[in-house]
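Peer 1: Have a look at this one.
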Amino acid sequence: MGESISKLRLIFDAMHQMRAVYLFDEFDSIGVNRMTGNDTGEIKRVLNTFLIQIEKDDSGSLIIAATNLPELLDKALFRRFDEIIRFPHPDKDEIIELYKRELPTIKGSNELFFETIAKASEGLSFADIHHVCQDVVKDRLVYGIKEITEKKVIEFIQQRKHNF
């Protein structure tokens, strides 16, 4: 933590030397709302430094901040970026389309099968559903399972919802 501010300044200094796209992933780790009482003073200073640096940046670089938890971000950040792009969770039809694309070889799958697993998947992101499909395929390969059941897919969905 103690070095965060100096490292952040190094990044912004580098932007002037190399024009590029700079991605701050998991941005909620430094962009947390300053009004919450459970932060350390250090993280507030890091955020303040970021806000100052982004305000005075004239490097021509593209700065991107990504988070899965936008509700935790300080509101001042939203004024500093030109565009805010939100990726909502998929709706039922998008979930079904993703399952059909990623699990095309499931025997016995029909519209009711996909409807049922789509309903169980509500609230998951596209990435979560992709990981469920990977889990299904891995399970099939590792254990030599010939047929994946609706029940088995729902188990993977529930694991994803509860563990991640």
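Peer 1: What does the charge add up to near Asn68, with Lys and Arg as +1, Asp and Glu as -1, over the other residues with Cβ less than 12 Å from its Cβ? Before the final figure, lay out each step's value.
Peer 2: Working: positive: Arg86; negative: Asp25, Glu26, Asp28, Glu71, Asp128.
Taking every Cβ under 12 Å from that of Asn68, the sum is -4.
Peer 1: In debye to the nearest 20, how big a dipole does the chain give about its Cα centre with +1 on each Lys and Arg Cβ and -1 on each Asp and Glu Cβ? Write out the running numbers ahead of the final one.
Peer 2: Numbers: 23 positive and 28 negative charges, 49 e Å.
So the dipole magnitude of the chain works out to roughly 240 debye.
Peer 1: Here's another thing I want to ask about it. Report the extension gain between Ile11 and Ser29 in nm, rounded to one decimal, defined as 0.36 nm multiplied by the number of residues separating them, less their alpha carbon distance. Each step should come with its number before you reach the end.
Peer 2: On the way: separation 18, 0.36 × 18 = 6.48 nm, distance 1.65 nm.
The span from Ile11 to Ser29 would gain 4.8 nm if fully extended.
Peer 1: Set the bar at 19 Å for Cα to Cα. Now go through Lys92/Lys146; Lys92/Lys138; Lys100/Lys138; Lys7/Lys75 and name every pair that lies beyond it.
Peer 2: Flagged as over cut-off: Lys92/Lys146; Lys92/Lys138; Lys7/Lys75.
Peer 1: Could you tell me how many degrees, from 0 to 90 and to the nearest 10, lie between the Cα long axis of helix 41-56 and the main elongation axis, the longest principal axis, of the Cα atoms of the chain?
Peer 2: 80
Peer 1: Normalized C-alpha radius of gyration of the chain, against 2.2 N^0.38 Å?
Peer 2: Details: Rg = 21.4 Å, N = 164, 2.2 N^0.38 = 15.3 Å.
Computed over Cα atoms of the chain, the ratio equals 1.40.
Peer 1: With everything on Cα atoms, drop me the angle between helix 111-120 and the longest principal axis of the chain, reported from 0 to 90° to the nearest 10.
Peer 2: 40
Peer 1: Another question about this same structure. Output ³J(HN,Hα) for segment 28-36: one whole-Hz value per residue in order, computed from phi by the Karplus curve 6.51 cos²θ - 1.76 cosθ + 1.60 with θ = phi - 60°, and x for Gly and Pro.
Peer 2: 4, 5, 10, x, 5, 4, 6, 7, 6
Peer 1: Still on this model: Report the net charge of residues surrounding Ile54, where surrounding means a beta-carbon distance below 13 angstrom and charges are Lys +1, Arg +1, Asp -1, Glu -1. Display every interim value, and only then the final one.
Peer 2: Details: positive: Arg9, Lys56, Arg79, Arg80; negative: Glu55, Asp57, Asp58, Asp74, Asp82.
Net local charge, Ile54 excluded: -1.
Peer 1: For the chain, what relative contact order do you get, as a whole percent, if you take Cα pairs closer than 8 Å and at least 6 residues apart?
Peer 2: The value is 20 percent.
Peer 1: Given H placed on each backbone N at 1.01 Å, which residues far from Phe24 in sequence or on other chains put an amide H within less than 5 Å of it?
Peer 2: When sequence neighbours closer than 5 places are left aside, the close amide H contacts are Ile64, Ala65, Ala66.
Peer 1: Can you list the HN-Hα couplings for segment 136-143, worked out from phi with the Karplus curve (6.51, -1.76, 1.60; θ = phi - 60°), rounded to whole Hz and with x for Gly and Pro?
Peer 2: Per residue, the Karplus-derived 3J(HN,Hα) values read 4, 5, 4, 4, 5, 6, 5, 9 Hz.
Peer 1: Can you list the lysines whose alpha carbon sits under 16 Å from that of Lys161, skipping same-chain ones fewer than 8 residues off?
Peer 2: Lys119, Lys151, Lys152
Peer 1: Let me ask something else about it. Show me the trypsin sites (Lys or Arg not before Pro) within segment 12-77 that DSSP assigns to loop and that have at most 13 other Cβ atoms within 10 Å of their Cβ.
Peer 2: Numbers: sites: Arg19, Arg34, Lys44, Arg45, Lys56, Lys75; in loops: Arg19, Arg34.
In loop regions of segment 12-77 (DSSP not H, G, I, E or B), the sparsely surrounded trypsin sites (Lys or Arg not before Pro) are Arg19.
Peer 1: Taking the 0 to 90 degree range and rounding to the nearest ten, how far is the long axis of helix 150-163 tilted relative to the main principal axis of the chain, both from C-alpha atoms?
Peer 2: Roughly 20 degrees between the two axes.
Peer 1: Between Glu102 and Lys151, what is the FRET efficiency for a Förster distance of 30 Å, r being their Cβ-Cβ separation, to the nearest 0.05?
Peer 2: With R0 = 30 Å, the Cβ-Cβ based efficiency is 0.95.
Peer 1: What order, most packed first, do the peptides 83-89, 134-140, 26-32 have when packing is the mean number of other Cβ atoms within 10 Å of each residue?
Peer 2: Details: 83-89: 8.4, 134-140: 15.6, 26-32: 18.4.
Answer by packing, highest mean first, reads 26-32, 134-140, 83-89.
Peer 1: With unit charges on the beta carbon (Lys/Arg positive, Asp/Glu negative), name the residue among Val153, Ile95, Ala120 whose Cα is farthest towards the positive pole of the charge dipole of segment 92-163.
Peer 2: Final value for the positive-end residue is Val153.
Laboratory data are not the source of any read-out in this text; all were calculated from the coordinates shown. All figures in this text were calculated on a predicted structure; none of them were measured in a lab. Neighbour counts run over all protein chains shown; Cβ positions are idealised from the backbone, glycine included.
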